[in-house]
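Nothing in this text is a laboratory measurement; each read-out follows from the coordinates by a stated rule. Note that this is a predicted model, so its numbers are computed, not measured. Cβ coordinates were reconstructed from backbone atoms using ideal geometry, including for glycine residues, and neighbour counts include every protein chain displayed.
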Amino acid sequence: MKKRALSSIIYNSTTEYGASQRSPFEMKTSNPAEYTRLTTIVQKHFPKMTASEIDNLIERLKKEGCGYVCMVNSLFTEFLDRPKRFKEVFGFDMINADNSLNYNTLLVDLYCKTDNHIGINFPFFAWDTYIKNEDRVLHYNKEEIKFEWKEKPFGNNVLQMKYRFETYCMQHGIKASLLIIPFITPKTFHKYAKMGSVSILCNKPTLQKEDGTPVKVNDWHFMTITGVTKSGKYIVSSWGNRYVLDQKNIRGIRFYQVIRYKTFL
């Protein structure tokens, strides 16, 4: 990871500490003009979507977008000193008029272009497939005593994240790879951070705010690891905020990913 990747430009605990999957949805009430602009990005990808369907998509992003946020954080880190090149590659500004980083546009574009897409491989052939109902699960309705399909957004697993990120990068002429690492510790973090942006996926972790207040996560969750404290705990970016993650507060299995860029863009 570049030295400037952990600078206050991207990870600033007093303003925004990385991207947030909640932010596009929150724009609907806090900044309607910005929300309208984001809906036009959705329409570009899905011209037949109604206004209510677009609202549902942005709300679904809020619920399952943590993996996409890690991808966005990584891309902003890679282009940190090259905003002009960022615009050439993605087609929109990296920095907003108020000098905040334009996380939301990249997040919505990335989500629309790659969510529900999976790669199918067969001997000598490979193709992309869109799974429209990827988030549907079979639910048992106790009141009506029957099974029924119910939407339950659950985001990426590590293999889906790898495919979707590498596909998005390839579409924009970026040579990048997402490595799935079996195990990274606070002691070995800096070794892997030199390779690229590091993220973690774990189930029901308990995070700590700056003041020590615990924050419980009720499901699987992706977070960008930005550093390690002197006491050997991870510093992570989640929902655009800075938290501390103690490995003792991670239940069961966890996965680590390192995003590497193969060429200087």
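For the reader, a short list of remarks on this structure follows.
- Full-stretch length increase - Met49, His117 - with 0.36 nm per residue and alpha-carbon distance subtracted: 22.7 nm
- Rounded to whole Å, the principal axis extents of the Cα atoms in the chain read 54, 50, 45, largest first.
- Given R0 = 35 Å, the distance between the Cβ atoms of Lys84 and Ile180 translates into a calculated FRET efficiency of 0.60.
- Check: the chain dipole with +1 on Lys, Arg Cβ and -1 on Asp, Glu Cβ, in debye: 1040 debye
- Sum of side-chain charges, Ser237 neighbourhood, beta-carbon under 15 Å (Lys, Arg +1; Asp, Glu -1): +2
- Ranking Thr50, Cys112, Asn73 by how far each Cα lies toward the positive end of the dipole of the chain (charges on Cβ) leaves Asn73 at the top.
- Between Arg37 and Ala97, the distance separating the two model label sites (each 7 Å from Cα on the Cα→Cβ line) works out to 0.7 nm.
- Most positive-pole-ward Cα, Pro182, Ser20, Asn121, against dipole of the chain from beta carbon charges: Pro182
- Taken over the stretch 25-73, the alpha-carbon convex hull comes to 85 cubic angstrom per residue.
- The H on the amide N of Val215, modeled in the peptide plane, is under 5 Å from the matching H of Leu207, Gln208, Lys209, each at least 5 residues off or on a different chain.
- Build a GNM of the chain with springs between Cα atoms under 10 Å apart, and of Pro24, Pro123, Pro32 the one that fluctuates most is Pro123.
- Here the stretch 1-118 is assigned +1 on the Cβ of each Lys and Arg and -1 on the Cβ of each Asp and Glu. Its dipole about the Cα centre then comes out at about 300 debye.
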